[in-house]
Amino acid sequence: MPNPNEFPTVHIALADRSYNIAIAAGLLDSAAAWAQLPRAHAALIVTNTTVAPLYAKRLQQALAAHYPKVHTVVLPDGEGYKNWETLNLIFDALLGHGCDRHTVLFALGGGVVGDMTGFAAASYMRGVPFVQVPTTLLAQVDSSVGGKTAINHPLGKNMIGAFYQPERVVCDLETLATLPERELSAGLGEVIKYGPIADTQFLDWIESNLSALLAREPQALAHAVRRSCEIKAWVVGQDERETGLRAILNFGHTFGHAIEAGLGYGAWLHGEAVGCGMVMAAQLSQRLGGVDAAFVQRLSTLIAAAGLPVRSPVLDAADNAGRYLELMRIDKKSVGGEIRFVVLDGPGRALVRAAPDTLVRKVIDACCA
Ligand code: NAD
Ligand code: GLY
């Protein structure tokens, strides 16, 4: 594991699957960031057409000190490619290079690359080690941590996958410098999420430091990534496989996944759909008596200020609420066709519960108006 004395780390405690999340600027070129990983004849960097020209060479050089062969596979970029066909490109590369079951995979990119690489690692030769090297804010604060891996199905998001923990997460904060503004905002959606579900002090901090975050001030980004990872590590450490508590990390996601699937993957960014979904989930929470209108307004104002949409899209002109409900029933939290929502039970507290369709329809109608 990276030595916490060399650079800041957050520990995720999962017995023999425990690991550290290293968070600092310049880690791609730091020898210490890559030390003490599992030994192997080969490493495979999985990245995409956007990230490869920016960072693949530096990672290749760093890994060459540790692995006799460092191969790279470059995937097409986009949520629309998070599917079987693209996943197979990783297996093609592994088999084409004669990679054995000790090969270490490195996911260099955002959440799409991370989720697909993790799933490939979980299933290649029944499991090989992998390392997350997240380069988007969203991936650094959420998707690279906690071992959820998946691809999409046309009928539902992240429907095919596995829980499979990385050996390590290496967040080089410098990579956020090249992130497009829209992607930065999408990442802020997941940062904001941690406030209402778990930490109102963090919510206060985000509100006070939003301009610094949007301006990519290094100290602000470092704190946002670190505190987000601490909260996620605390939740996942108690409920790795989402038998209960971990579901709170899906605040806004039930509505958000419906938006993503309903509009077609990639039309809205995941973080945009989650931002808008959080406004819908907060409104549902208010109707269920968990929070007041002032808190819903506060959250909505922050989400909008982060550059995210707060007005929900119409998914079906004839029966919009019906379409949302149909899509949300496919959610992984659904039980026997009954949708479970993550709702707020007060600022900083979340729980999972069902809600009457009539109430959910009112929320959808109000949010799409
Ligand atoms: P993404 O992976 O599509 O990356 C966003 C865009 O930024 C892409 O075009 C990418 O090529 C580009 N990019 C990446 N790093 C860059 C950099 N440093 N500079 C310039 N461009 C860069 O999207 P994302 O927001 O990172 O991740 C979203 C995905 O993560 C979704 O598929 C979502 O389902 C998944 N997710 C998974 C979890 C989990 O726990 N596994 C949690 C949240 C989200
Ligand atoms: N992003 C939700 C989770 O990891 O559980």
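The values are calculated or read from the model by the stated rules, or taken from the named source; none is laboratory data. Every value quoted in this text rests on a predicted model; they were computed, and no experiment measured them. Using ideal geometry, Cβ is built from the backbone for each residue, glycine included, and neighbour counts are taken over all protein chains shown. We work out accessible area using only protein heavy atoms, side chains counted, and drop any ligands, DNA or RNA first. Shrake-Rupley method; radii C 1.70, N 1.55, O 1.52, S 1.80 Å.
Just to confirm my filter: which helices (runs of 4 or more DSSP H) fall fully inside the stretch 13-100 and include at least 1 residues that are touching a residue at least 40 places away in the same chain (Cβ under 8 Å) and either open to solvent by 40 Å² or more (accessible area, probe 1.4 Å) or charged (D, E, K, R) (or both)?
Numbers: elements: 31-34, 57-64, 84-96.
Output list reads 84-96.
Working only within the stretch 127-175, note down all residues that are open to solvent by less than 20 Å² (accessible area, probe 1.4 Å) and among the charged types (D, E, K, R).
ASP142, LYS157, ARG168, ASP172
Got at least one residue in the stretch 203-211 being assigned to a helix (DSSP H, G or I), open to solvent by less than 30 Å² (accessible area, probe 1.4 Å), out of contact with any Pro (no Cβ under 9 Å at 6 or more places or on another chain) and touching a residue at least 12 places away in the same chain (Cβ under 8 Å)? Please lay out each step first, then the result.
Residues of the stretch 203-211 assigned to a helix (DSSP H, G or I): 203-211.
Applying the additional criterion that residues be open to solvent by less than 30 Å² (accessible area, probe 1.4 Å) yields 203, 206, 210.
Now restrict to residues that are out of contact with any Pro (no Cβ under 9 Å at 6 or more places or on another chain): 206, 210.
So of that shortlist, the ones also touching a residue at least 12 places away in the same chain (Cβ under 8 Å) come out as 206, 210.
For the stretch 203-211, residues assigned to a helix (DSSP H, G or I), open to solvent by less than 30 Å² (accessible area, probe 1.4 Å), out of contact with any Pro (no Cβ under 9 Å at 6 or more places or on another chain) and touching a residue at least 12 places away in the same chain (Cβ under 8 Å): present.
Which of the numbered conditions does ASN250 fail, given that it passes all the others? Conditions: (1) open to solvent by less than 60 Å² (accessible area, probe 1.4 Å); (2) away from ligand 1 (no atom under 16 Å from the Cβ); (3) within 17 Å of the chain's Cα centre (by Cα); (4) of a type outside the set (Phe, Trp, Tyr).
Going through (1) open to solvent by less than 60 Å² (accessible area, probe 1.4 Å); (2) away from ligand 1 (no atom under 16 Å from the Cβ); (3) within 17 Å of the chain's Cα centre (by Cα); (4) of a type outside the set (Phe, Trp, Tyr) one by one, ASN250 breaks only (2).
May I ask you to list the residues in the stretch 335-349 that are outside any strand (DSSP E or B) and either within 16 Å of HIS253 (Cβ to Cβ) or open to solvent by less than 10 Å² (accessible area, probe 1.4 Å) (or both)? Break it down stepwise before answering.
Our first condition is that a residue be outside any strand (DSSP E or B); within the stretch 335-349, this holds for 336-337, 339-340, 345-349.
Result: ILE339, ARG340, GLY346.
Given the conditions (1) assigned to a helix (DSSP H, G or I); (2) within 16 Å of ligand 1 (Cβ to nearest atom); (3) in contact with a Leu (Cβ under 7 Å, 6 or more places away or on another chain); (4) within 30 Å of ARG17 (Cα to Cα), report the number of the one that ALA258 does not fulfil.
(4)
Can you go through ILE206, ILE192 and tell me which one is under 14 Å from the mean Cα position of the chain (by Cα), farther than 22 Å from TYR19 by Cβ and more than 13 Å from ligand 2 (Cβ to nearest atom)?
Values: ILE206 fails: under 14 Å from the mean Cα position of the chain (by Cα).
Result: ILE192 is the single residue among ILE206, ILE192 that is under 14 Å from the mean Cα position of the chain (by Cα), farther than 22 Å from TYR19 by Cβ and more than 13 Å from ligand 2 (Cβ to nearest atom).
Is it the case, given these coordinates, that VAL310 is open to solvent by less than 60 Å² (accessible area, probe 1.4 Å) and either modelled with pLDDT under 95 or under 30 Å from GLU181 (Cβ atoms) (or both)?
yes
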